[in-house]
Amino acid sequence: MEGVLLGSFLCMTFLGVPVAFALGLSVSIILFQYLNMPQVMITQTMYSGVDSFSFMAVPFFMLAGTFMSAGGVTKRLVNFAQAMVGSFTGGLAQAVAVSGMFFAAISGSSAATTAAIGSTMVNEMERKGYRRELATGIVAAGGTVGIVIPPSITLVVFGVIAGASIGDLFVGGIVPGLLMGLSMCIVSWAIAKKEGIPAEGAFSATRLFVTFKESFWALMTPVIIIGGIYGGIFTPTEAAAVAAVYGIFVGLFIYKELKIKDFPEIIFKAVIGTTLIMFIVGAAKVFGWMLTNLEIPHHIGAYVVSLTDSPLLFLLVMNVLLLVIGTLINASAAVVILTPIFLPVAVQLGIDPLFFGVLMVINLALGCITPPVGLDLFVASAITKVPLEKVMKASLPYLYALIAVLLVLTLCPPIITFLPNLLH
């Protein structure tokens, strides 16, 4: 049965069946063919998989990001990023990475981050001498930090599944997210040097101050979320609701670019985004339930422990495995399926669950720019109409740099854990 379950899922994935349907249908085959159990168990398990108060954070963070984007936040964050790094060689490409980090701190989604900065930056980069496929690849890579820098929807999912502190996971993602952004800035500098793309002009402290002042209210979003959680003012779910209301306030009364008539369209976008994520999480819960019933997690855990008792070797093997899985499965689905399998093994080997969770999400973030399920590649390609294979090729240098960051984080866990530990 194990072979049928995994084989049918992989077969459907390679045939292009949406991941959520592939997960559910592979379980349906087992129920019908082998266990003679009612198919209604699939819907019941899907519902129980998303029936959590903490998951309410997902639609609220979606709303916050959508309201902020519609309220004029994106262009102000991009302007601030350009003022920061635009004077360097490849400054416009570096601004993509920096603005990606800023918008990630609002949206919590890699696809939303890619869409926001892509619609703003690609045409501007093309006018400044960047090849369109290169600009598209840069934008796709820039979105990867969307599920690492808090607030991250994928970290919320891990926190719920693992029973870990979502606030600690958020703080643990800050430094890795910054390192990912820095690595992409270095790659952009090197590419611009190679292609002879000049800097955007001299650095201006005045422009930096003006753009900072304009984007200040947007930049306060992660401060309110993290500060509120650690200050004991509200829970992560309540923080998400506060962020959504704050997004409305900033768009309506501060930047005054958000109109009441825009609300139905904005809410509809957030509903669609939330539905996609929660449907995938529910289907992944069904798949994970079947894995548990077949005792696959137990067998895998016993096998891994029999091979090695070295935490480092386990993490290195996990990195390779997650990088491969990330090419096939959406990050949230992978977290739901794999956390119950590998977290107990990690804990048994003395690995901090906080560190393991953040490292897992970073791993899966890289899957956003690796085919065939590289969501950011599809989003960037759809925005710019550049063929997917060209976008993938252009994003490869960034993927290599992000893998290097992943290796550094694996070898040095305190990079992830020292901030959460400091705040306790």
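Basic side chains Lys and Arg get +1 at the Cβ, acidic Asp and Glu get -1 at the Cβ, and with that the dipole of the stretch 138-251 about its Cα centre reaches some 260 debye. Shown are Lys75, Lys393, whose ranking by accessible area with a 1.4 Å probe and every protein chain present, most to least, is Lys393, Lys75.
Applying Stokes-Einstein at 25 °C and 0.890 mPa s to the Kirkwood radius of the stretch 1-150, computed over alpha-carbon pairs, gives a translational diffusion coefficient of 136 µm² s⁻¹. When +1 charges are put on Lys and Arg Cβ atoms and -1 charges on Asp and Glu Cβ atoms, the dipole computed for the stretch 1-153 relative to its Cα centre reaches about 560 debye.
Along the stretch 87-95 the Karplus relation, 6.51 cos²θ - 1.76 cosθ + 1.60 evaluated at θ = phi - 60°, assigns HN-Hα couplings of 7, 7, 4, x, x, 5, 5, 5, 5 Hz to successive residues, with x for each Gly and Pro. Once the Kirkwood radius over Cα pairs is known for the chain, the Stokes-Einstein relation at 37 °C and 0.692 mPa s delivers a diffusion coefficient of 150 µm²/s. Where only DSSP H runs of four or more residues are counted, the chain gives -25000 deg cm²/dmol as its mean residue ellipticity at 222 nm, each run worth -39500 (n - 2.57).
Couplings 3J(HN,Hα) of the stretch 307-316, computed from phi: 7, 7, 10, 8, x, 5, 4, 4, 5, 5 Hz, in residue order, whole Hz [Karplus 6.51 cos²θ - 1.76 cosθ + 1.60, θ = phi - 60°; x for Gly and Pro]. What translational diffusion coefficient, in µm²/s and rounded to a whole number, does the Stokes-Einstein relation yield for the stretch 273-424 at 25 °C and a viscosity of 0.890 mPa s, taking the hydrodynamic radius as the Kirkwood radius over Cα pairs? Rounded to a whole number, D works out at 147 µm²/s.
Please report the base-10 log of the normalised intensity I(q)/I(0) for the stretch 334-397, using a Debye sum with one equal scatterer per alpha carbon and no solvent, at each q in 0.14, 0.15, 0.18, 0.19 (1/Å). Log10 I(q)/I(0), no solvent term: -0.53, -0.58, -0.69, -0.73. Measuring against 31 Å, Cα to Cα, the residue pairs Lys128/Lys393; Lys256/Lys390; Lys75/Lys193 contain Lys256/Lys390 as the ones spanning a longer distance. Taken about its Cα centre, the chain carries a charge dipole of about 1160 debye when Lys and Arg each add +1 at the Cβ and Asp and Glu each add -1 at the Cβ. When the square roots of the Cα gyration tensor eigenvalues are ordered a ≥ b ≥ c, the ratio a/c for the stretch 18-81 is 1.5 or more and a/b exceeds b/c, which makes its shape prolate. Couplings for the stretch 281-289, taken from phi via the Karplus curve 6.51 cos²θ - 1.76 cosθ + 1.60 with θ = phi - 60°, read 4, x, 5, 5, 5, 4, 4, x, 4 Hz in order; Gly and Pro are left as x. Think of the chain as a dipole: +1 on every Lys or Arg Cβ, -1 on every Asp or Glu Cβ, centred on the Cα centre; then among Ser188, Pro371, Phe14, Ser188 lies furthest on the positive end.
Remark: the stretch 205-252 carries 48 Å² of accessible area per residue (probe radius 1.4 Å; ligands, DNA and RNA excluded).
Between Ile229, Gly247, Gly288, the Cα set farthest toward the positive side of the dipole of the stretch 223-302 (charges on each charged residue's Cβ, about the Cα centre) is that of Gly247. Over the stretch 252-324, what number does the Rg to Rh ratio reach, with both radii from the alpha-carbon atoms and Rh per Kirkwood? Value, to two decimals: 1.31. Which log10 I(q)/I(0) values does the stretch 165-252 give at q = 0.16, 0.18, 0.20 Å⁻¹ under the Debye formula, counting every alpha carbon as one identical point scatterer? Computed log10 I(q)/I(0) values: -0.88, -0.97, -1.04. Here the simple spin-label model places points 7 Å from the Cα toward Cβ, and for Leu313 and Glu295 these points are separated by 2.6 nm.
A 1.4 Å probe over all protein chains sorts Met278, Met84, Met125 by accessible area into Met84, Met278, Met125, starting with the largest. For the stretch 380-424, the square roots a ≥ b ≥ c of the C-alpha gyration tensor eigenvalues yield an a/c of 1.5 or more together with a/b not exceeding b/c, which makes the shape oblate. Please compute the net charge surrounding Asn79, taking Lys and Arg as +1 and Asp and Glu as -1 over other residues with Cβ under 10 Å from its Cβ. That works out to +2.
The values are calculated or read from the model by the stated rules, or taken from the named source; none is laboratory data. Remember, predicted model here, so these are calculated numbers, not experimental data. We place every Cβ from the backbone using ideal geometry, glycine too, and count neighbours over all the protein chains shown. These area figures cover heavy atoms from the full protein model, side chains too; ligands, DNA and RNA do not enter into them. Shrake-Rupley method; radii C 1.70, N 1.55, O 1.52, S 1.80 Å.
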